[in-house]
Every structure is written in C-alpha cells, then in structure tokens.
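Only the coordinates and a few stated rules stand behind these numbers; no lab work does. What you see is a predicted model, and the numbers here were worked out from it, not measured in a lab. When we count neighbours, we look across all protein chains shown, and the Cβ atoms used for this are built from the backbone with ideal geometry, even at glycine.
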Amino acid sequence: MSVTERFAQVPAVSPEGLAQAAQRFREPVHIVATADGQLGVAFGEGYSGALENGSPNWCATLPGIYPEWLGDRGFGEAHGTRFPYVVGEMANAIATTRMVIAAAHAGCIGFFGAAGLAPERVESSIGELESTLGGRLPWGSSLIHSPADPALEAAVCDIYVRREVRCVSASAFMGLTPAVVRCAYAGVRAGPDGRIVRPRRVFAKISRPEVARSFLEPPPADLQHHLVQGGMLSADEARLASTIAVAEDITVESDSGGHTDNRPLSAVLPTIVRLRDDLAACHRYERPIRVGAAGGLGTPGAVAAAFAMGAAFVLTGSVNQACIESGLHPQARSMLAQAGIADVMMAPAADMFELGVDVQVLRRGTMFGVRAKRIRDLFTRHENLEALPGPDREWLEREVLRTSIEEAWESTRSFWAQRDPGQIERAQEEPRHRMALLMRAYLGQASNWAIEGTPDRRADYQIWCGPAMGAFNAWAEGSFLSDPANRTVEQVAANLLEGATAITRAQQLRSIGVPMPPAAFDFRPRPLALR
C-alpha cells in the first residue's frame, strides 16, 4: 500500500471535525501537524513518524479510553461492577428494589433506600434483592444514622449482618455508633493467605473531615470492647478491626439533595483525599481506601470533573429520583423534571428535627419547605403546644395538620405506640418532646405524600432534591431525556458516563494543544446502551 493510500484521510482541523473526533473516544486518535502548522486529529493505522510527499506530520497518538476506565479500576474489582458508578440510596424506598436491580444489570451498583422504613419492610426488600440478584450481581442497602431511634438503627444493622448483605451505605452519621461498627466488622476474618476478608463493605457517605476521620481509622478501643461485651463482635473480629479502617469506600457528598452541608465538591473532595492519604500512611494500611464523589453530579461535565479531581467512583442521587424506577409518584417525578438549579431550598429534617438538622428539598411547586421552616421556628420559640399563640395554633391546624392539635396528637400517639412506646412515655413527661413528635409527624408524612401521590397534599410534597436536578434538566432540554417517561437508570447512567468520557477525551486533546471547540465539551443526550 502506498503512502498516499495509507493516509488518504484528511486530518480533522475544523471545529465540526474536532468535536466529532472527541466522541470517537474508544478509538486511538492521532495528533498531526498539517503543512501550514495547524494541529488536527486523524484516525486509522499509520502516522508512525514524519511522512513524505507532503503528508501530515505525526505528533502523538492517544489510545482509546472507555467509561469503565474513568475511576479507580480497583472499585470494580472490589465490588464486581463494570463501571465506577453508584446509584445512591434515596430514603423511604425511593431508591426501590427495581432501581437497584436496574443498576446492577447496567453494570453499576445501586443501594436500596432503607432509611425511614420499618425493619420488616427492609427485610422483605433484602429478600427480594437476594432472590433476584443474589451474589451474581452487585447491590447494597442503606443504614442511616438514627439518633432519635437507635433501636431502629440497630435492628436494620442486625438484618444486614444476619442476611449477609455485602455492601452497606452509611449516611448522615456524625460519628461512629455501635451499629455501623458492627456492620463493618461482623464476620471479618483472616483468609488462608493471611489477608483479611471482609464479608461486608461499608460505604461511608460524609461531608466533613472530622466525620471522615472516624471512618478512615480503626474503631476506638472502648467501642470495640462494648461490642465484644455485648456479643455483637467476637474477640478475633475486634482484634482484626484494630488493623483496618471502618470504611474502605468513602463517598464525599457535596451539595446534594436530602442531608447535606452544601459544600462545593472542588473544596471538600481534595481535602478528604489528602486526609485519606495521611491516615493511610499513619496507620500503615495495606488495603486501599477509595474516595468517591457525590452531590451536584447531574451533567457529563460534572461527572468528568469529579473523575479529573481523582474520584474513584461517582454517586448520583437527585437525577435518579426522576427515573421511572423511582419510588416517587409520577406526579412528583414530573415536578422534578421541571426544576431549575435554583429551585431548591433547605428545610428541617424529620429524623433530626430536634438537633436542628436540615435537608435540601424541591422548592418549586410545593409549599413544604416554607411550612417546615415555620414549624421549626414555632418549635424553637415555644416550650410546648399549649404555649402557641392563637394565630400560630390556628395556622398549624388549618394549613399543616388539617385537623385539631388534639386529633393530630392521637394519630401521632397511635403511630408511636406501635413503633416505639417509649416515645409516648417520654412525651407524657416532657411536653416539649410531645410537640416535637407532632411536628415531626408532618415532616415525615410529607415524603410519603410525594411517594403515594396524595392529591390533596400536593402542596406539601417533600421531595429531596439538589441543584444537580436542575442542571440535568437544562442539559436534557430538547432531547429524548426531557420526557420523564424516557428517564431510566440505565439511560441516565449511560449518558452521564458516555458524555464524561467524551469530555475527558476533548480535554486530553486540548491539553496537548489541539484547538478543541466548545461543542466538543457539550455532549448531548441520545438513546444509548452501556456497551
């Protein structure tokens, strides 16, 4: 074959050609200099050196890249995933078993949203996932910190240990608890080769260095002793616990839906990565600890940026709530599909109401956030329900409870009589606790109304949502993903990963000196299969 035949292809130098080249990221790409000194790109065999007869000059060749390679290869090896991509655990089973199953079949790992559910519901869902996926495909479930109900936290942990759930995502923890430490170390043993075998891996979702530190170190000796004395860990398990970190997968959560500190990923991720490195060196860990990114990841550019900062994996949350596998009612999913990046706000959290903790929720189309903040204000300013001024009491009964305080309390009392009678006993002795339980009832039910699609409570829907949802909607506008009916876990993951890889390729070429146009960084959604 002659030189002319081998290099008949004209290198791409136009903005259109360069933008198209970025999307052919699975192929090796050659950077060539044309006769007039322009840098362009070409595909195909050859370009192995300076060429004769006026052919372009070969400068470099970049190998193909794949979405599977964006993060830490060890993540997939450890958890059996194809992609470094996690579908996060949205509470109250908004992250349904159906969503977890879809994520697994797409080559990712999904976590069932167990937070807020009774242990019986959690166990039945774990049974469904076991029978459907078993140990063949990766999956996990969530363990949320429950300071107001530690018995619930312990009961869910017991299910995970007893049912041998392989992956547990620990979220909203402000420090270590006996339950999360038991989850991390129950069943840990030394293998035949002396290496430590962990039957269960904890993913610690954190946003503060001080909380990250507790998960990046072995558990305190007193906590280990407490668990051994209580029969929740053996002496051998506690001994091994002293040599390895509580969690070997850390999810750095930035500005996300639900529980969040609203931290920017560009500030918190490098901080936690450095802390990981320092503690790994201090404790002389032999096992790797992976640090992933979550929060604000609603576009390919955001995902590419997270990987560029060193994230081992990415976790998406808000964008999955609008998918058809979500546990949200279609009406609530439609509301999410109309959100902009500013259509969110902070509101009191039901599970940590007395502690003053907030969650990020959808503001557009719902009055929940505004009403919840006023409820918190009433709780802060008054010692009990009887102390509420007349206008405030009337507003609470008319707009929020839609019944008298007395009738609302009877309903609340009935709930806790079944769930945890100790709460009722405390409420009888502490009027302020009685007020907290009544107000928490509204906050908790507001999420269920969005799940069930309660028609006369649409203005009270509590929908956890971060700005990533608005960014996703803006990116998807005019594409097939603008229709909520087309939003599936696989299509969202495929487009975010495929787009992030195309943007990564565009940045590679630009860093070499190829004049990549803005269009090369604007991957548009299209129907895809995770190949």
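Points to keep in mind about this one:
- Calculated mean residue ellipticity at 222 nm for the chain: -13000 deg cm²/dmol, from DSSP H runs with n ≥ 4 weighted as -39500 (n - 2.57), summed, divided by the residue count and rounded to 500.
- Computed over region 457-498, the ratio Rg/Rh where both radii use C-alpha atoms and Rh is Kirkwood: 1.04
- Across the alpha-carbon set of region 152-299, the Rg to Rh ratio works out to 0.97, Rh being the Kirkwood radius.
- Segment Arg398-Asp261, extension gain: residue separation times 0.36 nm, minus the distance between their alpha carbons: 46.1 nm
- Rg(Cα) / (2.2 N^0.38 Å) computed for the chain, rounded to two decimals: 1.09
- Helix 431-452 vs. the chain, principal-axis angle (Cα, 0 to 90°, nearest 10): 40
- From phi via Karplus (6.51, -1.76, 1.60), per-residue ³J(HN,Hα) for region 198-213 in Hz, x at Gly/Pro: 10, x, 9, 10, 9, 9, 9, 8, 9, 9, 10, x, 5, 6, 4, 4
- Here region 70-328 carries DSSP beta bridges of which approximately 5% are antiparallel, counting only pairs with both residues inside.
- Computed over the alpha-carbon atoms, region 428-531 gives an Rg to Rh ratio of 1.24, Rh here being the Kirkwood radius from the mean inverse distance.
- Taking every DSSP bridge with both residues inside the chain, close to 45 percent are antiparallel.
- Hz values of 3J(HN,Hα) by residue in region 24-30 - Karplus curve (6.51, -1.76, 1.60), Gly and Pro given as x: 9, 6, 6, 9, x, 10, 9
- Once backbone amide H atoms are built at 1.01 Å from N, Phe112 has Gly140, Ser141, Ser142 as its partners under 5 Å, excluding neighbours fewer than 5 places away on the same chain.
- Applying 1/(1 + (r/R0)^6) with R0 = 45 Å to the Cβ-Cβ distance of Ile341 and Ala235 gives a FRET efficiency near 0.30.
- Annotation: amide H-H contacts under 5 Å for Val291 (H modelled 1.01 Å from N, sequence separation of 5 or more, or interchain): Ile250, Ala312.
- For the peptides 385-391, 109-115, 253-259, 481-487, the ranking by packing is 109-115, 253-259, 481-487, 385-391, with the highest mean count of neighbouring Cβ atoms within 10 Å listed first.
- Distance between modelled label sites at Arg364 and Tyr66, nm, 7 Å Cα→Cβ extension: 3.8
- Here the extension length gained between Ser242 and Glu477 equals 79.5 nm, from 0.36 nm per residue of separation less the Cα-Cα distance.
- Taking Cα atoms only, the orientation of helix 489-512 departs from the longest principal axis of the chain by about 50 degrees.
- Difference of contour (0.36 nm per residue) and Cα-Cα distance, Asp222 to Glu354: 44.7 nm
- Kirkwood-type hydrodynamic radius, region 289-330: 11.2 Å, calculated from all non-identical alpha-carbon pairs.
- Overall dimensions of region 235-364 as given by Cα atoms, namely Rg and Dmax in Å: 17.8, 54
- Close amide H partners of Val32, meaning residues 5 or more places away or on another chain with modelled amide H under 5 Å apart, are Gly40, Val41, Ala42, Cys59.
- Near-label residues of region 140-154 by backbone N, under 20 Å of a point 7 Å along Cα→Cβ of Arg426: 144-154
- The fraction of all Cα pairs in region 70-328 landing in successive 10 Å bins from 0 to the largest distance is 7, 33, 40, 18, 2, 0, given as whole percents.
- Diffusion coefficient (Stokes-Einstein, Kirkwood radius over C-alpha pairs, 4 °C, 1.567 mPa s) for region 340-462: 87 µm²/s, rounded to a whole number.
- Along region 103-114 the Karplus relation, 6.51 cos²θ - 1.76 cosθ + 1.60 evaluated at θ = phi - 60°, assigns HN-Hα couplings of 4, 4, 5, 8, x, 10, 10, x, 10, 5, x, 7 Hz to successive residues, with x for each Gly and Pro.
- Counting only Cα atoms, region 55-205 measures 74, 40, 33 Å along its principal axes, largest extent leading.
- Cβ-based charge dipole, the chain, positive-most Cα from Gln428, Ile324, Gly40: Gly40
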